[in-house]
There are 2 protein chains.
Amino acid sequence: MPSSANVFSSRPVHRAWLATQARLPAGFRVGIARFGFTPVEAPKPAQMTLTLIALDRPTADFAAVFTRNAFPGAPVVIGRRRLAEKTLGAILVNNKISNVCAPGGVESAEKVCTETARLLHQQPHEILPSSTGVIGWRIPVDEMLAALPRAVASLNADSILPAAESIVTTDLFPKIRSVALEGGRVVGIAKGAGMIEPNLATMLVYILTDLAVPRDALRAMLARAVDSSFNCISVDSDTSTSDTVVAVSSGLVACPDLAAFGVALSTVCRDLAEDVVRNGEGVHHVIRVRVDGAPAPMVARSLGKAIVNAPLFKCAVAGNDPNVGRLIQAIGRHVGANEPGLDLTRLTARIGGIEIFADGVFQLNPAKEAALAKHLKDAELYASAPPKDGVFLPPVDYPTHERCVEIELDLGLGDASATVLGGDFTHEYVSENADYRS
Amino acid sequence: MPSSANVFSSRPVHRAWLATQARLPAGFRVGIARFGFTPVEAPKPAQMTLTLIALDRPTADFAAVFTRNAFPGAPVVIGRRRLAEKTLGAILVNNKISNVCAPGGVESAEKVCTETARLLHQQPHEILPSSTGVIGWRIPVDEMLAALPRAVASLNADSILPAAESIVTTDLFPKIRSVALEGGRVVGIAKGAGMIEPNLATMLVYILTDLAVPRDALRAMLARAVDSSFNCISVDSDTSTSDTVVAVSSGLVACPDLAAFGVALSTVCRDLAEDVVRNGEGVHHVIRVRVDGAPAPMVARSLGKAIVNAPLFKCAVAGNDPNVGRLIQAIGRHVGANEPGLDLTRLTARIGGIEIFADGVFQLNPAKEAALAKHLKDAELYASAPPKDGVFLPPVDYPTHERCVEIELDLGLGDASATVLGGDFTHEYVSENADYRS
């Protein structure tokens, strides 16, 4: 079996390093406005933050990929239409309410876009709305319109960090990744931790560049980059109604090497995808599954996804319990249900480089058991702190290290492979999503 | 939308009632033997229980359905062969080790069958082995052979309760359901709670009857009964390597009405399936999803399964949080990924009889929110007790009531329907599967 390639780069993240990544590419500015309001459906005080990412001049070179959830949010419905427009001038993000299947949701979002355009001297169809938060509630249009002038007044060309901090909610840390290239920059931010509030699950990603990349090339490269990054992770197997990845070029810096730009874009996407998993709700261990020897790439990826989504295996990893039986159970469950013809007789499996399955049977002994437990313990980001009032809170913010639980499978059937990242399943996840009541 | 039919009967279970169900049908005896041993792979003292269900005379009339996991345990491999044999004389169940993908697993199980047959004066191919426990370890053949004479010596024709209690491990209560019919009885027992030990997930079901039902009819009726009962539940979406449902007729009582027997068999299967969910690891709420108006039964069933398997929705239910957004997210995720052509524009959704979605948008207000929260609270089996040493233990054994969280969906597309049962997702589940180390 080949050793696992570092498809995900696993670079350590901390605040001082983030500051080195945060300089905005030329041609972009960021503005923020916060305000209080009362949701119609649950009349209790709430807070919303508007994050405005504006181009100095609208650009034709933009791309976006949206959720495949069959109930997309109003901003996703509008975003798909915006892809047909000639130019994009700004992105307006709100948190707290995701504007999904709410009465009049599309009209409300368009109203906010129209006012944003007026303030920026742009056209309404040049504004891309983006929302994350409670599914089903209506956005507070009047309060948003009242707050917009403050967001516009605060527009600043220095740093993307305020945007990275404003789109997160229960995320433990802001997520920024960047690559410098040919005198320009590719800078991405992401928000997402499984669910962000008691009612919400969303990943939002915005990638800005000053490198001049034509619209069609940008769209093709973004689709490829997303496919091998955000489409290869899972925190909890739930797909948000609002998932959005946007890439925008201001075109201010010539880009003589489009292929190099494509690599940079993919790197930013992969690094942000790993950040999202490492920051996943309650995640104590990042699990990296590499599947080799598959007859087709999708077979490899779906098998990897089945493992990082198997609740029993995720719980075992959380407990630093090298429960190899649950790994094999998860493989057998997936193949039995979805690939019944797949030949598993040549399967080999390693955890942390230690062979645990070959020739159709487990390869176990007490020494391996101890080494496997050590591998899991070494990959643990943190252990649970004692709960307060029954609620488990993560005792860390930034990740304590960049290690993963390394799982390598070889099906011995072909030359396709895939790497998938996921998280374990812990008390902090349950506390985040059950113990806090809305 | 039609009101939800009680496909699952939701009868309250308690110990006094179980005793009324436990009388063995004529022609069967049950024997038990417990012993200590040391597993090869993890040299720490362990306990195993053998449960022997013997027929006074081997019968041609038996049926079995096994797991679809692509890594079936050795007893499942052997069990599939036994289906081709002319007669079945006994079932031997062991717990603690499931004998899955262990070196020499089939040979070891056959050795135990051979000795069981010798002691019972039957043939080795008349013995059906059945195992549940740690996946990957080897069964202790010598110790099992030494214990078998005690199991045989204790054979008793009175009650199935000792067997129901011996096949359970971390189950909160033994599961027995029976129907009296035409002077005979159909009596079933089940074991299964998600996972039973830190390394295991298995459902085992044994249904005994003295009614004379020919082999082919019994097999056809068991397949139908399993399809609408055990195939319509999910505790945690993991499929065991050892799932087994067996039905055996001693043939001592004439059965003039096979159709009535089929109904009785289905009733026992459905009741046991609900018992398994209500006893599911960490389950605070049983969730019943009825899907109507589907274009085909499998569309309805798979949509129901997607809802009871969605982690975010399961956590919300655990918290008595009427998070309707997560319900719609789960529907949209499933349809977007698996049924992309399905028209959702006519979807209506109710929880506890309260309409929450129609005409493409949520139908919410504060009064409904309060009523939904009350419906969830009323369906709660128990609230978490304060953890001891960080471990959450269920404060109840038998279920406190038979109520469910009632979800009704109508797709408005056809006349197919399905009812699916599942559980919520709680700290007790995580404690069971992460906090106990093997």
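In nanometers and ordered shortest first, the copy-to-copy spacing of the B:Glu355 label point, defined 7 Å from Cα toward Cβ, is 6.4.
Rounded to two decimal places and with Rh computed the Kirkwood way over Cα pairs, what is Rg over Rh for the range B:31-142? Display every interim value, and only then the final one.
Numbers: Rg = 13.7 Å, Rh = 14.3 Å.
Computed over Cα atoms, the ratio is 0.96.
Against the main long axis of the alpha-carbon atoms of chain B, helix B:141-153 sits at an angle near 80°. List, in the order given, every pair from A:Lys314/B:Lys314; A:Lys388/B:Lys388; A:Lys388/B:Lys377; A:Lys368/B:Lys44; B:Lys44/B:Lys96 whose Cα-Cα distance in the structure shown is over 18 Å. Check vs 18 Å cut-off fails for A:Lys388/B:Lys377.
The mean sequence separation of alpha-carbon pairs under 8 Å and at least six residues apart, normalised by the residue count of the range A:15-278, gives a relative contact order of 25 percent. Ratio of Rg to Rh for the range B:363-409: 1.11 [Cα atoms; Kirkwood radius as inverse mean 1/r over pairs]. Rounded to the nearest 10 degrees, the angle from helix B:258-278 to the longest Cα principal axis of chain B is 70 degrees.
Can you tell me how chain A classifies by the Cα gyration tensor, rounded, prolate or oblate, using a/c under 1.5 as the rounded cut?
Details: a/c = 2.00, a/b = 1.55, b/c = 1.29.
Prolate shape, in that a/c is at least 1.5 and a/b is the bigger ratio.
Using alpha-carbon positions, what is the distance between the centroids of the range B:350-365 and the range B:304-325, in Å? The two parts, judged by their Cα centres, are 16 Å apart. Between B:Glu143 and B:Ala42, the simple spin-label model (points 7 angstrom out along Cα→Cβ) gives 1.4 nm.
When both the range B:104-168 and the range B:243-262 are represented by their alpha-carbon centers, they are found 24 Å apart.
Inter-copy label distances at B:Lys388, using a point 7 Å along Cα-to-Cβ, come to 2.7 nm with the shortest given first. Principal axis extents of the C-alpha atoms in the protein assembly as shown (largest first, rounded to whole Å): 92, 57, 46.
Which whole number gives the average count of other chain Cβ atoms within 10 Å of the Cβ atoms across peptide B:359-365?
Values: counts 2, 4, 8, 10, 2, 8, 3.
Per-residue shielding by partner chains comes out at 5.
Provide a whole-number value for the mean count of partner chain Cβ atoms within 10 Å of the Cβ atoms in peptide A:420-427. Before the final figure, lay out the partial values.
Details: counts 0, 0, 0, 0, 2, 7, 3, 9.
Mean number of neighbouring Cβ atoms from other chains: 3.
Projecting the Cα atoms of B:His285, B:Gly352, B:Tyr206 onto the charge dipole of chain B, computed from C-beta unit charges around the Cα centre, puts B:Tyr206 farthest toward the positive end. When chain B is modelled as a GNM with alpha-carbon springs shorter than 10 Å, which of B:Phe425, B:Phe66, B:Phe362 fluctuates the most? For chain B, modelled as a Gaussian network with Cα springs under 10 Å, the answer is B:Phe362. Put in order of Cβ neighbour count within 10 Å, fewest first, the listed residues B:His334, A:His375, A:His14 become A:His14, A:His375, B:His334.
As a footprinting exposure proxy, order A:Lys377, B:Lys96, B:Lys191 by other Cβ within 10 Å, with the fewest listed first. Let's see the in-between values first.
Details: A:Lys377 12, B:Lys96 22, B:Lys191 30.
Fewest to most other Cβ atoms nearby, the residues stand as A:Lys377, B:Lys96, B:Lys191.
Using just the alpha carbons, could you tell me how many Å³ per residue the convex hull of the range B:334-393 encloses? Present the calculation step by step, with values, prior to reporting the outcome.
Values: hull volume 9.2 nm³, N = 60.
Per residue, the Cα convex hull of the range B:334-393 comes to 154 Å³.
Averaged over the residues of B:315-322, the number of partner chain Cβ atoms lying within 10 Å of the residue Cβ comes to 6.
P(r) for the range B:237-322: what percent of alpha-carbon pairs falls in each 5 Å bin, starting at zero? Binned Cα distances yield the sequence 3, 10, 14, 18, 18, 15, 9, 7, 4, 2, 0.
Using the count of nearby Cβ atoms within 10 Å as a rough guide to exposure, how do A:Cys269, A:Cys101 rank from fewest to most? Mind dumping the intermediate values first?
Values: A:Cys269 28, A:Cys101 25.
If I rank by nearby Cβ atoms, fewest first, I get A:Cys101, A:Cys269.
Packing around the peptides B:117-124, A:318-325, taken as the average count of other Cβ atoms within 10 Å per residue, puts them in this order, highest first: A:318-325, B:117-124.
For A:Asp227 and A:Glu402, compute 0.36 nm times the residue count separating them, minus their Cα-Cα distance, and round to one decimal in nm. Walk me through the intermediate numbers first.
On the way: separation 175, 0.36 × 175 = 63.00 nm, distance 2.25 nm.
Length gained between A:Asp227 and A:Glu402: 60.7 nm.
The other copies place their B:Gly104 label points at 7.6 nm from this one, listed shortest first, where each point is 7 Å from Cα along Cα→Cβ.
Look at the alpha carbon pairs under 8 Å that are at least 6 residues apart: their mean separation over the length of the range B:286-435 gives a relative contact order of 46 percent.
Classified by the C-alpha gyration tensor, the range B:286-435 has a prolate form. Its axis ratio a/c, with a ≥ b ≥ c, is 1.5 or above, and a/b is larger than b/c.
Rule-based calculations on the coordinates, nothing more; no lab input. Computed from a prediction, not measured in an experiment: that's the story for all the values here. Note that we place each Cβ from the backbone using ideal geometry, even for glycine, and neighbour counts take in every protein chain shown.
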